[in-house]
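Please read the structure below before turning to the comments.
The values are calculated or read from the model by the stated rules, or taken from the named source; none is laboratory data. Computed from a prediction, not measured in an experiment: that's the story for all the values here. Please note: Cβ atoms are built from the backbone with ideal geometry, for glycine as well, and neighbour counts cover all protein chains shown.
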Amino acid sequence: MQLSKLTQTLSFGLDIDTGSGDDLQTGCLEARRIRNETNRLDGQGWEWDDIKSTVVTNADHVNNTTQLIVDKALGELETYRDNKDDGWGRPYPYIDGLYPMVMNHGEGYRLFPEDDTTVRFRITATRGTHVKGELRGSPDHFDRLRTAFNDEEWRVGTAEVVHKHDEWRLHVTITHETHRVASKHDADTIVGVDVNEDCIALVAMSRNGAVKDSVVFEYPSVKEQRHEFFTKRKRMQKAGQTGFESVVQTEERDYVHDALHKVSRHVVEWVSQFLDPVLVFEDLKDMRDSIDYGTRMNRRLHSLPFAALQEMVSYKAAWSGIPTDKADPEYTSQRCPRTECQHTERANRQKKRFKCLECGFQDHADRKAAVCVVQEWFDEQYGNVPPLDTLPQVKKVRRAVSGPGGGADSHGPTSGSGVDRHGPSARDSQSQAREEFKSVASAVPE
Ligand SMILES: [Zn+2]
């Protein structure tokens, strides 16, 4: 089996105090020139070694950075050569957007951890131009960065400067020296993941399309409790208690963070039972479109932090040696999974129920969406989707997501009809979660 080092990417915002975003812009424009030049010379039949030496000599980046940018551009060409028999096109010869600057730690960029919450950076934007300041990011990413600096098993690797969502960001890779992750191409079990605001559906399929097992983890309390935090904040805003607002915000953040950790742990535990699995998520860039929000009043209130959840699952999976991948989510919620039908229509889905208006196939809507994620992955990887076996009964597991160690976990009843029915134990865990919320909330004066 092919294994690769465990590498993770941490994303930080840049609070610049020396130099400017314009300097980074100049650096990324030079990176684009290097990328396009590499592509052009390859098109003229140059040897790659010659491309490297010529382009590096003429670039306005430090040599090491130029080499990494050339490597990235050649990597695109290599991927094309490896896959052109499958119809992959050659990378576009001339991109006119920005191209990331790729830099080695200690050469093109350097990080300086100062204390628990302060990490300074220095980026060489072009030869002789330095941009300095402080990193901004999630507590999780700062934690992992600290580990990478302090633990000799970890190494801080290359970083990329990118311009995203109207701001400059630094994507830092950290690598574990001994841990290895399996290649997705060796996977025997393809696990499709469908993330929703109130549940996560998983389906494990073999390469011949047989469904090994499926599960729906429900976590109603995330949504309900976020609603309570929201209501509480609004109430305090009205009463002018601004000082308490940040307290609730911090509690809400910690609560959601904790909930995501628990949900992601359940997911990885479940996936670990299968032989050589790969986890396949929906690609987030189109994710919002694939979820039927209907007329819900407040998207922010109702949305789980999808990106954070995917990232935590990927992180925990990687530690178990399990690779993750992405598939295009288009129509996964509307398409009939029967390979001989594939009828796609919005009305196929009625809340948690999927019923194909063409062939009459019925299933739990989210479990079915997870099946479609796997089918999409098969199609993207191999251009072929194996015929769908009959699906097993939907197994639902209701998890309490707050409380110490997830001790209130309970298994909901198996529901063949897919209609929501909750046993007494499920209600217990829900009410327990509610009690725990109250004890958090009661720390804030009314
Ligand atoms: Zn159908």
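Details
- Single unsatisfied condition, R288 versus (1) closer than 30 Å to L391 by Cβ; (2) modelled with pLDDT under 75; (3) surrounded by 15 or more Cβ atoms within 10 Å (Cβ to Cβ): (3)
- Checked against the criteria, G157 counts as modelled with pLDDT of 90 or more and surrounded by fewer than 22 Cβ atoms within 10 Å (Cβ to Cβ).
- Scanning region 103-119 for any residue that is assigned to a strand (DSSP E or B) and of a type in the set (S, T, Y) turns up at least one such residue.
- Enumeration of residues in region 342-357 that are part of a loop (DSSP other than H, G, I, E, B), in contact with a strand residue (DSSP E or B) (Cβ under 9 Å, 6 or more places away or on another chain) and either of a type in the set (S, T, N, Q) or near the ligand (Cβ under 9 Å from one of its atoms) (or both): Q342, H343, C356
- If you go through region 358-385 and keep only what is in a helix (DSSP H, G or I) and of a type in the set (D, E), you end up with D366, E376, D379, E380.
- Test: Q25 is outside any helix (DSSP H, G or I) and surrounded by 15 or more Cβ atoms within 10 Å (Cβ to Cβ): no
- In region 336-363, residue nearest to T390 (Cα to Cα) [restricted to those that are surrounded by 15 or more Cβ atoms within 10 Å (Cβ to Cβ) and of a type in the set (K, R)]: R338
One line per residue, one yes/no per condition, for (1) under 24 Å from the mean Cα position of the chain (by Cα); (2) of a type in the set (S, T, Y); (3) outside the structural domain of G13 (by TED's automatic domain parsing):
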residue: N64; (1), (2), (3): no, no, no
residue: L74; (1), (2), (3): no, no, no
residue: Y92; (1), (2), (3): no, yes, no
residue: G108; (1), (2), (3): no, no, no
residue: L135; (1), (2), (3): yes, no, no
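- Residues that are within 10 Å of the ligand (Cβ to nearest atom) and in a loop (DSSP other than H, G, I, E, B) within region 305-338 comprise C336, P337, R338, listed in sequence order.
- Of all residues in region 364-398 being within 16 Å of the ligand (Cβ to nearest atom) and not aliphatic (A, V, I, L, M), the one that is surrounded by the most Cβ atoms within 10 Å (Cβ to Cβ): K368
- Unique residue being closer than 28 Å to E30 by Cα and under 24 Å from the mean Cα position of the chain (by Cα) when the list is W168, W154: W168
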